[in-house]
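Let me begin by handing over the structure; questions about it come next.
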Amino acid sequence: MTAVPLGPPRRLVEFTLDGEPVRVPEGATVLDACRAAGKDVPTLCEGDTLTPKNACRVCVVEVEGARTLAPACSRRAEPGMEVSTDTERTRHSRKLVLELLASATDLSTTPRAEEWMRHYGADPGRFGPGAARLDEEAKVDNDLYVRDYDKCIQCYKCVDACGEQWQNSFAISIAGRGFDARVSTEHDAPLTDSACVFCGNCIEVCPTGALSFKSEFDMRAAGTWDESAQTETTTVCAYCGVGCNLTLHVQDNEIVKVSSPHDNPVTHGNLCIKGRFGFQHVQQR
Ligand code: SF4
Ligand code: SF4
Ligand code: FES
């Protein structure tokens, strides 16, 4: 049988990563190369289904000869470049970024934030108790999902997923300037009065838990949310013939949230309201 190539072969780019020669396909980022080489570079605003936004700068690396540090998530690999991922400059920069984020935001539900803070010796307290925080109640204006902007790092991932990169609903955007900048619906309307179609594709990409299923929000408030007790089963949505893949997160025999595999070549982690939130009938007894 003759193998059919899926696309034109890509040239390989060779460069040096932490002193070791590496080769990645043309167009790959430094972060792609780091991951292929098993290097643990922290990321927050980077999303595997989104165009890099360079919003958080926690992934910075040092490129020989460059004046400034480069975000690994968006910097394309170039032949002959010499990249260092773990230098005094990168560590100092990551520490400061984490301190600034943690001084202004609640990172308690951001996966790995605590580990990174420890690793880089970040001390957000040194900015004092007056550091600008939103200090706002979580927005619970519907039965499906909650927006807790005290946990928002303004990474733009939800805005891009809701906008032209995936959903094209444009229900949310960044409003305000400077310290007042925040993710908002038009005129800060409740989601139910906005352009939101409740696809939940914004929840899928949010890196901090600022956006969460109402079920998760309620269970966290009740102290019953326990990821270690959850199973994940990927299945096919039964609502229509598109056949999107759903990953059901189940705790105590109840579906507690639904995600979608990002590597699915059709849906790329995106769903509609039925696949994302329409699971209650499964649990009717
Ligand atoms: S649920 Fe969908 S439509 Fe609503 S804000 Fe999120 S991405 Fe936009
Ligand atoms: S709500 Fe989440 S995805 Fe949206 S900007 Fe804030 S942290 Fe990023
Ligand atoms: S992860 Fe690279 S800039 Fe945010």
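So which residues in the stretch 242-260 are assigned to a loop (DSSP other than H, G, I, E, B) and either surrounded by fewer than 14 Cβ atoms within 10 Å (Cβ to Cβ) or without any contact (Cβ under 8 Å) to a residue 24 or more places away in the chain (or both), if there are any at all?
Val242, Gly243, Asp252, Asn253
Also, quick follow-up: Among residues belonging to the stretch 51-73 that are of a type outside the set (Val, Ile, Thr), within 16 Å of ligand 2 (Cβ to nearest atom) and surrounded by fewer than 22 Cβ atoms within 10 Å (Cβ to Cβ), point out the one that is nearest to Gly269 (Cα to Cα).
Applying the filter and picking the extreme gives Pro52.
Now for a different question. If the requirement is being under 30 Å from Val266 (Cβ atoms), touching a residue at least 40 places away in the same chain (Cβ under 8 Å), not polar (S, T, N, Q) and not assigned by TED's automatic domain parsing to the domain that holds Val183, which of these qualifies: Val41, Val97, Val83?
Val41
Sticking with this structure for a sec: Could you list, in sequence order, all residues of the stretch 192-215 that are buried (at least 21 other Cβ atoms within 10 Å of the Cβ) and in a helix (DSSP H, G or I)?
Asn201, Cys202, Ile203, Glu204, Val205, Ser215
Also: Taking the residues in the stretch 113-141 that are modelled with pLDDT of 90 or more and acidic (Asp, Glu) as candidates, determine which candidate is nearest to ligand 2 (Cβ to nearest atom).
Across the stretch 113-141, the extreme among qualifying residues is Glu136.
Still on this structure: Every residue in the stretch 112-141 that is within 18 Å of Cys206 (Cα to Cα), without any contact (Cβ under 8 Å) to a residue 24 or more places away in the chain and either within 16 Å of ligand 1 (Cβ to nearest atom) or assigned to a loop (DSSP other than H, G, I, E, B) (or both), please.
none
Where residues in the stretch 142-172 are within 10 Å of ligand 2 (Cβ to nearest atom) and assigned to a strand (DSSP E or B), which of them is farthest from Val258 (Cα to Cα)?
First pass over the stretch 142-172, keeping only residues within 10 Å of ligand 2 (Cβ to nearest atom): 147-149, 151-162, 172.
Restricting the remaining residues to those that are assigned to a strand (DSSP E or B) gives 147, 172.
On the way: Arg147: 17, Ile172: 21 Å.
If we take residues in the stretch 142-172 being within 10 Å of ligand 2 (Cβ to nearest atom) and assigned to a strand (DSSP E or B), then Ile172 is farthest from Val258 (Cα to Cα).
The values are calculated or read from the model by the stated rules, or taken from the named source; none is laboratory data. As the structure is a computational prediction, the values presented were derived from the model and not from experiment. Virtual Cβ from ideal backbone geometry, glycine too; neighbours counted across all protein chains shown.
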